[in-house]
Amino acid sequence: MKSKFSLSSALLAGIIATAAMTAFTFMAPLMGFEMNIPNMLADAMGAPVIVGWAAHLMIGEVLAINFASIYLKQTDKPANIFSGAIFGLIPWLAAQIMVMPMMSVLAGGSYISGLFSGSVIVAMASLIGHLIYGAVLGGIYTPEYAGSKAIA
């Protein structure tokens, strides 16, 4: 049976996956460092933290839609924990080689000092967070199937 994209499932999976990743980042102080994504985004935009939270949620939703509508189709993989975790490597790598260096430059640092979060430990914690995001996303997303009724 041919699967097709389900926007409602992607949005739900994106919210839950973003919440799971965020919960993991709240444990970062127990590991000796800060990983507050909404605060980092708000600081980079010079905006209140609520704007950082909105951006964080929006990014999670955009990634979920890309996973469901592009990644699964292009890779011809089923939606599951494994395919989701592999997908999580893509935004992690983009964050480490583009986003974190850009945030470093905006804060007055250099591109090089922002590469891989400027710290192997933080970059590895970010990797775990993105793998959690992807695994939850892939585990929850359910495509629609041709000939079946849509799941609301």
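Kindly evaluate Ile15 against the criterion of being within 18 Å of His130 (Cα to Cα), out of contact with any Lys or Arg (no Cβ under 7 Å at 6 or more places or on another chain) and buried (at least 18 other Cβ atoms within 10 Å of the Cβ). I'd like the intermediate steps shown before the answer.
Numbers: within 18 Å of His130 (Cα to Cα): yes; out of contact with any Lys or Arg (no Cβ under 7 Å at 6 or more places or on another chain): yes; buried (at least 18 other Cβ atoms within 10 Å of the Cβ): no.
The answer is no for Ile15.
Among the residues of segment 104-123, count how many are part of a loop (DSSP other than H, G, I, E, B) and without any contact (Cβ under 8 Å) to a residue 24 or more places away in the chain.
Applying the first criterion (part of a loop (DSSP other than H, G, I, E, B)) to segment 104-123 yields 107-110, 119.
Within this subset, residues satisfying the condition of being without any contact (Cβ under 8 Å) to a residue 24 or more places away in the chain are 108-110.
Residues meeting the conditions: 3.
Residue under question is Val136, and the condition is that it be modelled with pLDDT under 95, part of a helix (DSSP H, G or I), within 22 Å of Ile37 (Cβ to Cβ) and among the β-branched types (Val, Ile, Thr); does it hold?
So Val136 does not fit the description; no.
Please go through (1) buried (at least 16 other Cβ atoms within 10 Å of the Cβ); (2) in contact with a Phe, Trp or Tyr (Cβ under 8 Å, 6 or more places away or on another chain) for Asn66 and return the number of the only condition it doesn't satisfy.
Just one mismatch for Asn66, condition (2).
In segment 71-102, what residues are of a type in the set (Phe, Trp, Tyr), touching a residue at least 24 places away in the same chain (Cβ under 8 Å) and either on the phi > 0 side of the Ramachandran plot or surrounded by 15 or more Cβ atoms within 10 Å (Cβ to Cβ) (or both)? Working first, answer last.
The initial filter retains those residues of segment 71-102 that are of a type in the set (Phe, Trp, Tyr), namely 71, 82, 87, 92.
Subset that is touching a residue at least 24 places away in the same chain (Cβ under 8 Å): 82, 87, 92.
Phe87, Trp92, listed by residue number.
The values are calculated or read from the model by the stated rules, or taken from the named source; none is laboratory data. On a predicted model such as this, the values are computed, not experimentally measured, just so you know. Don't worry about glycine lacking a Cβ; one is built from the backbone with ideal geometry, like all the others, and counts go over all protein chains shown.
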